[in-house]
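Notes follow the structure.
The values are calculated or read from the model by the stated rules, or taken from the named source; none is laboratory data. What you see is a predicted model; the values in this text were computed from it and never measured. All Cβ positions, glycine included, derive from the backbone under ideal geometry; neighbour counts span all protein chains shown.
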Amino acid sequence: MKVADVMTRGVISVTPDTLVRNAVKLMLRYDLSGFPVLDRGRLVGVVTEGDFLRRAEIGSERHRPEPGDPQGDPQGDPQGDPGRLAAEYTRAHGRTVGEVMSRDVVAVAEGASLEEAAGLMEAHHVKRLPVVNTAGMVGIVSRRELLHAYIVASPKDEAMPLGDDAIRERLAAELDRQVWLPRGSIAFTVANGIVDLRGAVGDERQRIAARVAAENIPGVKQVVDHFAAIDQEAVA
């Protein structure tokens, strides 16, 4: 699936001139945690709940020590960087979205894969991405859309159970494809739907992943393992 297949269209947006108070009201009314900011249809930023964490109105803005305070700045600079302090002041006191929004927007193309979208969310620690094409912004993809995609892609019914021979072939092919498993490090037998895994692994996560590979095959009733742990210090 592509981003265009799962994204939300007709997204609520605000403009740089929208009052902060009104943007917050929209978040509460529609139970949303952020909006894209559009200026004449062009994506210029995003505004999220995080942009309202430090506000003068609720007393949560950062309080800096006065010049000459012997305790100094918690970050080691008694005065602080003037530009950074000015930006913090604007975020805490700004009245319009354009004054508090994040301008470094991470967007994804509508033809991108879900893998790419998930990677961007992870890398930039964001919950949603504006979706764009050559004409501009066309939607939003969020973690929720990825969850919906998972439901659509996951099997709706139990697949027809496979026999032992087919299970053996399927598992061998699956393990051969995995780069986390040295080829030939695992042996297994299949009898009456029970998979017995044997071999040596150097990491507990390899053992768990091998079990998962076997458990996902239709017809597998049980997975047991007799893995021997490799002593990494001895090997080194």
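General remarks:
- For segment 142-167, the candidate set comprises residues that are at pLDDT 95 or above and buried (at least 16 other Cβ atoms within 10 Å of the Cβ); within that set, the residue that is nearest to Glu215 (Cα to Cα) is Ile167.
- Verdict on Arg91 being at pLDDT below 95, closer than 16 Å to Val24 by Cβ, in contact with a helix residue (DSSP H, G or I) (Cβ under 6 Å, 6 or more places away or on another chain) and part of a loop (DSSP other than H, G, I, E, B): no
- From Ala149, Ala123, residue being farther than 16 Å from Arg9 by Cα and in a helix (DSSP H, G or I): Ala123
- Only one of Val132, Val105, Val138 that is in a loop (DSSP other than H, G, I, E, B) and surrounded by 15 or more Cβ atoms within 10 Å (Cβ to Cβ): Val105
- In segment 9-51, of all residues being β-branched (Val, Ile, Thr) and assigned to a loop (DSSP other than H, G, I, E, B), the one that is nearest to Val132 (Cα to Cα) corresponds to Val11.
- In segment 164-193, residue nearest to Val224 (Cα to Cα) [restricted to those that are touching a residue at least 24 places away in the same chain (Cβ under 8 Å) and of a type in the set (Val, Ile, Thr)]: Val190
- Residue count, segment 92-115 (criterion: out of contact with any Pro (no Cβ under 9 Å at 6 or more places or on another chain) and either polar (S, T, N, Q) or in contact (Cβ under 8 Å) with a residue 60 or more places away in the chain (or both)): 10
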